[in-house]
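The values are calculated or read from the model by the stated rules, or taken from the named source; none is laboratory data. Treat the numbers as computed from the prediction; the structure is a model and nothing was measured. Cβ sites come from the backbone with ideal geometry, for glycine too, and all protein chains shown count toward neighbours. With ligands, DNA and RNA removed, areas are computed over all heavy atoms of the protein, side chains included. Shrake-Rupley method; radii C 1.70, N 1.55, O 1.52, S 1.80 Å.
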Amino acid sequence: MIVTTAQLYKVAYGKYAIGAYNINNAEQTMGLFRGCMDSQAPFIIQISKGARKYTDKRILEALIRAAEEIFPDAIFAVHLDHGDEQTCYDCIESGFFSSVMIDASHEPFEKNVEITRRVVERAHAKGLSVEAELGMLGGVEEDIVVEEGHACLTDPDEAVEFIKLTGCDSLAAAIGTSHGAYKFKGQQSLHFDVIEKIRDKVAAAGLPPIPIVMHGSSSVPKEEVMRINAAGGQLDPDACGVNPAEYLPAAKLGVTKVNIDTDGRLVWTRVHREYFRDHPKEFDFRPPGKIFMDEYAKFIAEKNRLLGSAGQLEEVRKSIPG
Ligand code: G3H
Ligand code: 13P
Ligand code: ZN
């Protein structure tokens, strides 16, 4: 059942985080639904602009509609990931999306506000919620001096101003993570202080609590990188992501949506590299495809356990009217 992103946020806020997983094809879709059913978790399906172009946006919608029929007990929202203004409007008008992300964080503050405000008006008129980004995600070096390290993090005072001016429903905040497999050198902690300050300053301004979205949340497991490299890959062995033990503490402070894409790509790469290394005469893509779906389902179930969303499905179902 497709629900609004707001409905999921309402149940999860301050308790656990909802996994937001990107999909591009049938195998990812099947693995995602199976993993969420196995772990009894609500979830958010994310569709990026790149994913919409990879085959055709209608293929993705058809895949999701089919999965909804195959897994009638699943509860999930459909979200546009990193949209520009036009793509947001396209998704808002489609009648298929639960929410959109307008990513104008590369623009100066005033322009970001202006664009986000326009998208919020159009989205709210159709009952969709809007995620907006403030602050620039980037790799933060372990040995960088604090001032520099904080340079691209979201400023909590600006965040309050931004939320007031735009009316956005959730905030993608830069709290020390970055996209992709090469996030940091060495272990790096999330900036819990920034999450806490945003929460407290929002409350002090008399605004309702706002769900924080964590982008770049993959953990880039060492073992996965080593297996890929042992099967012919050349990923940086020092690649390192978010410590998954930090997902839940962040969720308790208001991080309610955790975006994970890279780790799933690593699962795909490991399965396919190992399969074709071990079966050099094979050219049927279905045997590794089957293994991938199994592995992806396991991976999703484990992420949901770490996010605290595993086992929450019935609670969410009870909260849905009608
Ligand atoms: O943050 C971006 C997501 O990982 C989606 O990546 O734009 O390559 O589909 P993509
Ligand atoms: P990762 O690259 O860490 O998986 O982040 C994905 C993301 O933020 C999608 O919006
Ligand atoms: Zn992102």
Review point. How big is the charge dipole of region 1-75 about its Cα centre, in debye rounded to the nearest 20, if each Lys and Arg gets +1 on its Cβ and each Asp and Glu gets -1 on its Cβ?
Key: 380 debye
Check your understanding: How much accessible surface area, in Å² rounded to 10, belongs to the heavy atoms of M293 with a 1.4 Å probe?
Key -> 40 Å²
Review point. What ranking of F162, F109, F285 comes out by heavy-atom accessible area, probe 1.4 Å, highest first?
Key: F285, F109, F162
Practice item. Assign unit charges at the C-beta atoms only (+1 for Lys and Arg, -1 for Asp and Glu), then state the dipole size of the chain relative to its Cα centre in Debye, rounded to the nearest 20. Key: 940 debye
Point to revise | the chain - share of DSSP beta bridges that are antiparallel (%, nearest 5) | key: 0 percent
Point to revise | Accessible-area value, R227, 1.4 Å probe, nucleic acids and ligands omitted, Å² | key: 80 Å²
Practice item. With a 1.4 Å probe and every protein chain kept in, tell me what percent of the accessible surface of the chain is carbon plus sulfur. Key: 55 percent
Review point. Which is the longest run of the chain containing none of the GluC sites (Glu not before Pro) found in DSSP loop states (not H, G, I, E, B) with at most 16 other C-beta atoms within 10 Å?
Key: 1-140
**Study point:** Per residue solvent-accessible surface (Å²) - region 1-139, probe of 1.4 Å
**Key:** 39 Å²
Review point. Which is farthest toward the positive dipole end of the chain among V11, Q234, A132, measuring Cα position about the Cα centre, with Cβ charges +1 (Lys, Arg) and -1 (Asp, Glu)?
Key: V11
Check your understanding: In terms of modelled amide H atoms, which long-range or inter-chain residues lie less than 5 Å from the amide H of N22?
Key -> Q46, I260
Check your understanding: How long is the gain from E110 to L235 if the chain were fully straight, where each residue apart is worth 0.36 nm and the alpha carbon distance is subtracted?
Key -> 41.1 nm
Exercise for review: For region 150-241, report the accessible area per residue in Å² (1.4 Å probe, heavy atoms, rounded to an integer).
Suggested key: 42 Å²
Check your understanding: About its Cα centre, what dipole magnitude does region 192-238 give when the only charges are +1 on Lys and Arg Cβ and -1 on Asp and Glu Cβ, stated in debye to the nearest 20?
Key -> 200 debye
Exercise for review: Roll a 1.4 Å probe over the protein chains and send me the accessible area per residue for region 248-296 in Å².
Suggested key: 51 Å²
Review point. If each of A204 and E69 carries a label point 7 Å out from its Cα toward its Cβ, how far apart are those two points in nm?
Key: 5.4 nm
